[in-house]
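Trainee: Let me give you the structure first, and then I'll get to my questions.
The values are calculated or read from the model by the stated rules, or taken from the named source; none is laboratory data. Just so you know, these numbers come straight off a predicted model, no measurement behind them. Cβ: placed from backbone, ideal geometry, glycine included. Neighbour counts: every protein chain shown. Please note that ligands, DNA and RNA were not included when accessible areas were found on the heavy atoms of the full protein model with its side chains. Shrake-Rupley method; radii C 1.70, N 1.55, O 1.52, S 1.80 Å.
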Amino acid sequence: MRIAHLVSHAALNGVATSSRSLIQAQLDAGHRVLLVHSRSSWIERQAFTGPIDMLASDFATTPAEIRRVGYAIRDWGHEVVHAHGSRGNKHAMVFRCVAGTPIVMTAHTRQPQLPWAFAHEVIAPSAQTADYYLSRLLVRRKHMHVVPHMFDIRSVEPVSHPLRAAARASLGLRPEAFVVGSVGDICLRKNQLDMVAVLARLVAAGIDAELLLIGPFADSAREGLWGAALGDPLVAGRVHLVGERNDAVALMGAMDAYLCTSRMEEGPIATLEAMATELPVLTTDVGYSSELIVDGSGYLFGHSDVDAMAKTAAALAGDAALRNVIGAAARRAVARLEPPATVSRIEQIYRLAAARARQKPAQK
């Protein structure tokens, strides 16, 4: 198939990394791809293997830019357009309305925007995400498809003692500390303040623990809350805020356990990366975590259940062998998301979109 992807996110995030994985898997399967990307974006700088064409756009919702991108896609000879991100969705909505283009959108987040109602088919990475759009009547059930993000386990190396030592040395973390942490924007939705509370409980229990947070602050209004949290004498000097890093997956190896305290997620990709790294994951029940973390491959918690999460982390701190067992099970669980089966499912969705686009309205 000839597939045009609209990826409007510029930063390195779950939208960009999951889109990149999908595109490469489609190239591996023999498809042709046109990638319309934001200028100076992370995905633009990635190396792809296979027949891919690239087109830069600022995704401005102006007639001139929508025409330029639309004509380029038309002239390239697309069979389907797959949009990722709200600005990409807006372009795709216009392409459908003006030219009848077959449109598929992936719901990487929960935003009640008009374009969802114009997609021929919508892909949600979890049942929670699908229920959000179905309940708001933006998407009809027969056009909603739950397809978890694929993950190429070969892209992440399991952490080893040398890799952990190197990651800690690069960050100035002590070799003997029990390090918990996460990757992602520091924000209200991801709720990393609960991780600080977990750290305080670990230290109060006599555990030499530290917290590593990789990602930028996204909620400047919460700086006062963070100031109060970091002012707790129990955690003073034990919280490491290293900002946004392009080597986040490698630095993840500095951790002994991975925490996800999010109030809402659709994936999340960083949790998959942690599991592939063979870290034991402690996560709230968000996205498709409950489907993925089964048979001893990690730990699920209710939202803001800091006491239970801290208790489990404390047990892991004192049992390296248990951490290894859980980590190995985590990597096996992620292996179920390898690309071939997912690519086949998405191909079927593309065919449904194309067939629906060809349908003529019923005559009155």
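Trainee: For segment 104-117, enumerate the residues that are more than 18 Å from VAL15 (Cα to Cα) and crowded, with 17+ Cβ neighbours inside 10 Å.
Mentor: Of everything in segment 104-117, nothing turns out to be more than 18 Å from VAL15 (Cα to Cα) and crowded, with 17+ Cβ neighbours inside 10 Å.
Trainee: What number goes with the only condition from (1) in contact with a Phe, Trp or Tyr (Cβ under 9 Å, 6 or more places away or on another chain); (2) part of a loop (DSSP other than H, G, I, E, B) that LYS190 does not pass?
Mentor: For LYS190, the exception is condition (1).
Trainee: Let me ask you something else. I'd like the full set of residues that are of a type in the set (Val, Ile, Thr) and open to solvent by 10 Å² or more (accessible area, probe 1.4 Å), limited to segment 157-179. Break it down stepwise before answering.
Mentor: Taking segment 157-179 as the starting set, the residues that turn out to be of a type in the set (Val, Ile, Thr) are 159, 179.
Scanning segment 157-179 gives a single hit, VAL159.
Trainee: I need every pair where a residue in segment 171-185 that is among the charged types (D, E, K, R) has its Cβ under 6 Å from the Cβ of a residue that is surrounded by 20 or more Cβ atoms within 10 Å (Cβ to Cβ), sequence separation at least 6 or different chains.
Mentor: Within 6 Å, the pairs are ASP185/GLY215.
Trainee: Sticking with this one: Of everything in segment 25-42 that's touching a residue at least 60 places away in the same chain (Cβ under 8 Å) and either in contact with a Phe, Trp or Tyr (Cβ under 7 Å, 6 or more places away or on another chain) or small (Gly, Ala, Ser) (or both), which residue is least open to solvent (accessible area, probe 1.4 Å)?
Mentor: That would be ALA25.
Trainee: Does segment 302-322 hold any residues that are over 26 Å from the mean Cα position of the chain (by Cα) and not in a helix (DSSP H, G or I), and which are they? It would help to see each step written out before you state the result.
Mentor: Let us first name the residues in segment 302-322 that are over 26 Å from the mean Cα position of the chain (by Cα), namely 307, 311, 314-315, 317-322.
Of everything in segment 302-322, those that are over 26 Å from the mean Cα position of the chain (by Cα) and not in a helix (DSSP H, G or I) turn out to be GLY318, ASP319.
Trainee: Would segment 327-345 turn up any residue that is outside any helix (DSSP H, G or I), surrounded by fewer than 20 Cβ atoms within 10 Å (Cβ to Cβ) and modelled with pLDDT of 95 or more?
Mentor: Taking segment 327-345 and keeping what is outside any helix (DSSP H, G or I), we get 338.
When the remaining residues are screened for being surrounded by fewer than 20 Cβ atoms within 10 Å (Cβ to Cβ), the result is 338.
Narrowing the set further to residues that are modelled with pLDDT of 95 or more leaves none.
Scanning segment 327-345, I find no residue that is outside any helix (DSSP H, G or I), surrounded by fewer than 20 Cβ atoms within 10 Å (Cβ to Cβ) and modelled with pLDDT of 95 or more, so the answer is no.
Trainee: Of all residues in segment 243-269, which are of a type outside the set (Asp, Glu), closer than 23 Å to VAL325 by Cα and either modelled with pLDDT under 90 or outside any helix (DSSP H, G or I) (or both)?
Mentor: Let us first name the residues in segment 243-269 that are of a type outside the set (Asp, Glu), namely 243, 245-246, 248-255, 257-264, 267-269.
Still in the running and closer than 23 Å to VAL325 by Cα: 249-255, 257-261, 268-269.
Once the filter is applied, which keeps residues that are of a type outside the set (Asp, Glu), closer than 23 Å to VAL325 by Cα and either modelled with pLDDT under 90 or outside any helix (DSSP H, G or I) (or both), segment 243-269 yields GLY253, ALA254, MET255, ALA257, TYR258, LEU259, CYS260, THR261, PRO268, ILE269.
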